[in-house]
Amino acid sequence: MKFPAGTVDGVNVRVLLVRPDMSRGRTVRVEHRLDTKIGLGRTDIEERQPGRAKMLLTQTCTLTVANNAADDWRKGLAALGSLPVAIPLWIDALPVARWGERIYDPLQVINFDPDTDAFEIMAAADLPGDLGELDHPLLAPLLVGRWEKRPSADAITKKTGDNIEVRIEEASPYSCRIGVNAHGSSWAALPDRTSPPRDTSEFPLELIRLSAAREPGLDRVNTAARWLQEGDFLFRSRLEIRQHLTFFDSRRGAWESWSPVPAWFQPGADTEATPDDYTARFASDVLTLEYISGAAARARVGFLQEIDTGVRSQALPAESHLYSLSYWHDLENPDLFTAWDAPVVGSEGTFLPTQIAHQDIIRSLRPQDVKAEVSIAFEAGSLLHDFDRQRLFGPLVLRIWKCDPDDVAATRKQLFSGQVVSVLPEGNLYRVTAKPGILDRKIATWTYGPRCNVTVFSQLCGLAEDDFDSAATLLPTSLSPDGKTVTLEDAAGWGGSTYDEGWFAGGMLRTGSGRPGSGVGKQIVTIMTSEMDGTDLVLTLQRPLWPDMIAGGGQAVQLLPGCDRQASTCQDKFDNFAPATAGRGFRGMPYIPDYLEEVATSAPKPKK
């Protein structure tokens, strides 16, 4: 069956090993894309920024399947589902002895036998020193991608088969990317003149026509003219292909200019307006190579003149955004995302490439009107997934920065920080709205009564958690079916290992990091009751814990005793009623009655 199952760096894929048909003039096309963001001023002075760190490939080829293979193709296509497709980069499907001749430099490869369809996928770094030890005869870079629309087949006859054009765009983790097997770094080729080069003077003057007047108004009259030339190139060897791909990659597509670029059509003398050579950049971020054989390719390439500013470079550093989602109480364990195509390392950790973007951040002199809205693709096990399933253990904070991904420390600037107020699922997207908190903490309000006005272990209480906590090991099997009762076998700490009934009532249970393998962070839950069952400590929780957020081998939990804020508890349990240390102590009025008898205002007053 076509599309057998495989795994690439932990990603489940379907593998397509049908060889392309390169007969009757058919070719294999590979597009190489490097996005550039170009801002164009009214004088054609550009501001260009890289839009991605690494090249993105798309392979297009024609497959011919007949008889049983055509039936296998249709059945495999029906069974594909939403899985990515893994396909060899066919121009580099070489005998293992010729692997050094490859044009591309992959991180994942496929070793396969085209006659039996047997294959093995592995990281390029894991290839043996002696490639002859591999089990199959061919080795190729592995392109993991998708097609936006599944291909249709041009059915000829059952005997001669179906012609199917397959176009797979690279859509894979960063660990599966494909680069160029670098060789040299210059553009030495000239057009082969199989068709005449195109030579254009660009001068985007705008005509203003507001009425029936014959003479239009003029706009952009200060625009500088620049030359655009396009031509067809033929690269006649693998080394020549590698050299020019390496140069395209080093310029990051249309981002960086170079000189001298020769004028392919120069019928007259060298003048300032019509020079023999000039400074130029690639006119497009996409370089498409049409491979007509295993060692030759053709392409149409354009160069666009760069207008000399004389004062500054038009190739500016990249700019991307970083996003952090974390609990307010646990900023050290965030979910980290970036809109960049490569991981970005910051002080918080590694920001992972994600389909994420934010709308304009609304700013206002009225704090309640300030907000940020972020759209992010669904990711199982994330904090947003827990938000959607009502499994959070506290409010979430969203932070947004912008930076140059190549120099995060020197360029990072915070754009927003605030609390998530809503998460709306829309298909496989989450739309997140966050607003900044006006105050970081609530203003203390004092009640005149016998109970303490502060919570235990707070700043005004003065006691330190580490001096009074207990520890235990929490297992998934420690939980009751509803997750609200926990049985701990090894609890010990302040107070010993046997605790009075209600010792932890009103206290807290905290885990370490949350769900294994994720950045979920600490889980915090209030303890409602506690009691001993033999040597086991049994806790009833205010809300459930979930087994999938607990490490299978067990993880440490911190237990904090509760305080009912009575003077007797402060004295007898914590010895904090009237300590000698300043800044600590009971914060209530123990001699004020807890209950005052209410007397109606119309009642007769007692005689003195």
Per 5 Å bin, what is the whole-percent P(r) computed from every C-alpha pair distance within segment 4-95? 3, 10, 14, 16, 17, 13, 8, 6, 6, 4, 2, 1, 0
Through the Karplus equation 6.51 cos²θ - 1.76 cosθ + 1.60, θ set to phi - 60°, convert the phi angles of segment 252-260 into ³J(HN,Hα) values in whole Hz; use x for Gly and Pro. 6, x, 8, 6, 10, 8, 8, 8, x
Using Cα pairs closer than 8 Å and at least 6 residues apart in sequence, work out the relative contact order for segment 19-129, in percent. 20
Please state the shape class of segment 126-207: rounded when a/c is under 1.5, otherwise prolate if a/b exceeds b/c and oblate if not, all from the C-alpha gyration tensor. oblate
Packing-wise, with mean Cβ within 10 Å as the measure, how do 104-111, 262-269, 235-242 rank, highest first? 104-111, 235-242, 262-269
Give the peptides 195-207, 483-495, 320-332 in descending order of average Cβ contacts within 10 Å, highest first. 320-332, 483-495, 195-207
Share of alpha-carbon pairs per 5 Å distance bin for segment 224-351, given as whole %: 2, 8, 14, 14, 13, 11, 10, 8, 7, 5, 4, 2, 1, 0, 0
Give a residue-ordered list of calculated ³J(HN,Hα) values for segment 84-94 (Karplus: 6.51 cos²θ - 1.76 cosθ + 1.60, θ = phi - 60°; whole Hz; x for Gly, Pro). x, 10, 10, 9, x, 7, 5, 5, 10, 7, 10
If you add up the charges near R14, with Lys and Arg at +1 and Asp and Glu at -1, over every other residue whose beta carbon is less than 13 angstrom from its beta carbon, what do you get? +2
Compactness summary of segment 46-196: radius of gyration and Dmax from Cα atoms, Å, are 18.3, 57
Any idea which of I361, W264, H244 is furthest toward the positive side of the dipole for the chain, if Lys and Arg beta-carbons carry +1 and Asp and Glu beta-carbons -1? I361
Only helices counted: for the chain, with every DSSP H run of 4 or more residues adding -39500 (n - 2.57) and the sum spread over all residues, [θ] at 222 nm is -2000 deg cm²/dmol
Calculate how steeply helix 68-79 sits against the longest principal axis of the alpha-carbon atoms of the chain, using the helix alpha-carbon long axis, and give the answer as 0 to 90 degrees to the nearest 10. 30
Could you order peptides 214-220, 224-230, 426-432, 136-142 by the average number of other Cβ atoms within 10 Å of their residues, highest first? 136-142, 224-230, 426-432, 214-220
Express in whole angstrom the spacing between the alpha-carbon centres of segment 5-24 and segment 352-371. 41
Yeah, the chain with a ≥ b ≥ c from its alpha-carbon gyration tensor (a/c under 1.5 is rounded, else prolate when a/b outruns b/c, oblate otherwise) is prolate
Row for segment 263-322, column shape: gyration tensor on C-alpha, a ≥ b ≥ c, rounded if a/c < 1.5 i.e. under 1.5, prolate if a/b over b/c, else oblate; value oblate
What is the angle, in °, between the Cα long axis of helix 238-250 and the longest principal axis of the Cα atoms in the chain? Nearest 10 is fine, range 0 to 90. 50
Any aspartates and glutamates with Cα under 15 Å of the K371 Cα? List them, leaving off those in the same chain fewer than 8 positions away. D360
At a threshold of 8 angstrom on Cα-Cα distance, excluding pairs fewer than six apart, so keeping six or more, what relative contact order does segment 251-336 reach in percent? 22
Just the number please: accessible area per residue for the chain, 1.4 Å probe, all protein chains included, in Å². 53
I'd like the distance between the alpha-carbon centres of segment 465-501 and segment 66-128, rounded to an integer number of Å. 53
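The values are calculated or read from the model by the stated rules, or taken from the named source; none is laboratory data. This structure is a prediction, so every number in the text was calculated from the model and none was measured. No Cβ is skipped: glycine too gets one built from the backbone with ideal geometry, and neighbour counts run over all protein chains shown. Surface accessibility is based on the protein's heavy atoms, side chains included, excluding ligands, DNA and RNA. Shrake-Rupley method; radii C 1.70, N 1.55, O 1.52, S 1.80 Å.
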